[in-house]
Structure formats: structure tokens, C-alpha cells
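The structure under discussion appears below in the form of C-alpha cells.
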Amino acid sequence: MKDKHWFKTAFQIKGSVIPSIAGRTIICGLFGVLISVFDYFKHPVALPTLSSLIPNIVLGLLLVFRTNTAYERFWEGRKLWGTIVNTTRNLSRHIWIVVPVNQPQDREGKVAALKLLVTFAIATKQNLRQEPLGEEVAKLLPAAKFRKLQTMNHPPLEIAFWIGDYLQQQYSLQQQYSHQQFDSYQLTAMQNLLNSLVDCLGGCERILKTPMPMAYSIHLKQLLLLYCLSLPFQTVGQLGWWTGAVVALISFTLFGIEEIGIEIENPFGHDANDLPLDAICAALLQNIEDLMTLTPEMDSAFEEDLGTDIPFAKMIDNSHA
């Protein structure tokens, strides 16, 4: 079964770079066939001295530096999104447990704050993809807030402001009660988590807005083209009519590696090889929804003071029914 899976993956077209490089590979192969025709009619086209001209430059510069640089960007993007997920989980847990419920509407405020955290991740994803805010955000926010976000140049920063403002308001409200359950140390810890989210946003934007230098990309393509077009002259003396097929195979390998580097250097899009941001955001939403089904001990005590065993989440749902 493993062998079948291996071969299925090896010959898979979807998600590969074959469609992107097929044209230039065929051109190089046909050029090799043309050189074979010239060689067949005894024209002096074999130039084996070209074999040591630039292969080391192409293979060293293109295959190592290009792919390593692109993968570093891909992996850094994945680490940043991993930090966004973990920080969102930690901050949502802190808000759900630490922020006290002194009024019936406080639970509803905490639910709204947790939804804002998920909205931050979704808005970050859409901002990196340069897409407008859509239904995915609209269903998590009140209509007024959603309309406000649509007018902002940078929606994730606005959402971060709302979360920070909510935390500060809750801390200020606690100063009105003699038994402060939400102190300055907890506020600082949560604000630091929020700062971490904004830092991750900035890190993702750094990857997005720092493409490979144009001069470097142009030079790599020139070297790659020169190498692939010189291959027929190097091999026609030994391969004859097989020159076109061998040149096409080698060109396929080199063009494929270059195209992989191009695809993964921006890991935030919709390509098959990009980061699964939609799945990450969906899983994060599910985590937050699961958290909101739990009732902290502090909230349970407040519900008992009201003389009811009904969780506040259900009370709020019933009040809107």
C-alpha cells in the first residue's frame, strides 16, 4: 500500500509545478531534437567544452540558495501562524477565566471578546491575501462593527485595538469593587499576549512585502536558460537522437525547482503548496467555541448567587430567542 501511495504521489499533477513548467520544458526538448537533426546531417554542432562552463554556478546558486531562501520564508510564515494560534488560545483562556462576571451582561461581553480574537486571525489572513472582508468575518461581529471594519485601511489593527480597549475597560471596572479579581499583573500578561499577536501580524507582512530582488530573479532565469540551451551541444555527440528527451528531462528538473521556490516564497495565498490558512482559522474558531461551552468556577459562583443553575450562555441565548 505504501508503494502505491508513493507512485500515486510521484505522478500527481494537482499541486505540482508541472503545468507551470511544461511549456518551457517542451521548448528545451524540441531545441535538443533540432540539434540532433543537425548532428545527424554531419554538421559540427557538438561542443563538449561547454560542459564545464556554468553547471556549478547554476546548480549551486539556483538549486541551493533559491530553494533554501524560499523555504525559509515558508517555514517562518508557518511558525508565525503557529504563534498566532497558540497566543489566541492562551489569551482567550485568560479572558474566559480571569475576567469576572459581576453583571449578567458580562458573560456576553466575554463571548464577544473571544469572537474578536478569532476575527483577528481571519482578518489577518484576508489582509495577507489582499482580499476584502467577507461573510467569514461578518458572522462573528455585530453589523455596526463589521461596517466600521470595512472602512478601515488595516482591519486587524482595529480589531487588536478593540480587544485591548475591552481589557482596559474590564480592569477599570474592577477598581469599583472591593474584591478585585482582575489585577494589574493579569492585565499586563494579557496585553503582552495581544502584543504578540500584533508582532506576528507584522512578521507575516514582512514576508509578504519583501519579495526576492528582481535583479537576482532575472539573473537566475538567464543562467538557467543558458544552461538548458547549452545542454544539447554537450550531449548530442554521445546521445544522438536521445538528446531531446534527455534535455527535456534535465530542464524539467531545473525549471521545477525554480518554480517551487517561486510558489512557496509567498505562503499566504490559495495555491496548493501555500499554508492552509482557511483550515487553521476554522480550527481556531472551533477551539474558541469549545472553550465557551465551559463555565469557570468564578462564573458558577456568581450564577449560584443569582439562584440559578442555568449557564449564562444559555440565559443569553434564551434572552435573544
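The values are calculated or read from the model by the stated rules, or taken from the named source; none is laboratory data. In this text, all values refer to a predicted model and were calculated from it rather than measured experimentally. With ideal geometry, Cβ positions are generated from the backbone for all residues, glycine too; neighbour counts draw on all protein chains shown. Surface areas here come from the heavy atoms of the whole protein model, side chains and all, with no ligands, DNA or RNA. Shrake-Rupley method; radii C 1.70, N 1.55, O 1.52, S 1.80 Å.
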What accessible area, in Å² to the nearest ten, does a 1.4 Å probe give for K139?
130 Å²
Spacing of the two label points (7 Å from each Cα toward its C-beta) at R89 and Q150, in nm:
3.4 nm
Subtract the Cα-Cα distance of L63 and K221 from 0.36 nm times their separation in residues, and report this length gain in nm to one decimal.
55.7 nm
If you average the alpha carbon positions of the stretch 159-174 and of the stretch 200-223, how far apart do those two centres end up, in angstrom?
38 Å
In nm, to one decimal, how far is the modelled label at A22 from the one at N102, with both set 7 Å along Cα→Cβ?
6.7 nm
With labels modelled as points extended 7 Å from the Cα through the Cβ direction, what inter-label distance (nm, one decimal) is found for Q176 paired with K14?
5.6 nm
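So how much slack lies between L30 and D199, counting 0.36 nm per residue of separation and subtracting their Cα-Cα distance, in nm? Numbers along the way, then the final one.
Working: separation 169, 0.36 × 169 = 60.84 nm, distance 5.06 nm.
So the extension gain works out to 55.8 nm.
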In whole Hz and in residue order, list the ³J(HN,Hα) couplings for the stretch 144-154 that follow from phi through the Karplus curve 6.51 cos²θ - 1.76 cosθ + 1.60, θ = phi - 60°; x for Gly and Pro.
5, 5, 5, 5, 4, 4, 5, 8, 8, 6, 9
Which number comes out as Rg/Rh for the stretch 102-214 once both Rg and the Kirkwood Rh are worked out on C-alpha atoms?
1.05
For the full complex of protein chains and a 1.4 angstrom probe, list D199, D183, D290, D106 by accessible area with the highest value first.
D199, D290, D183, D106
Could you sort out which of K110/K145; K79/K209; K14/K125 sit more than 20 Å apart by Cα distance in this structure?
K14/K125
R78 accessible area, nearest 10 Å², 1.4 Å probe?
90 Å²
Residues with beta-carbon under 12 Å from that of L141, excluding L141: net charge, scoring Lys, Arg +1 and Asp, Glu -1?
+2
Zone residues, the stretch 199-222, relative to Q130, backbone N less than 12 Å from point 7 Å out along Cα-to-Cβ
208-211
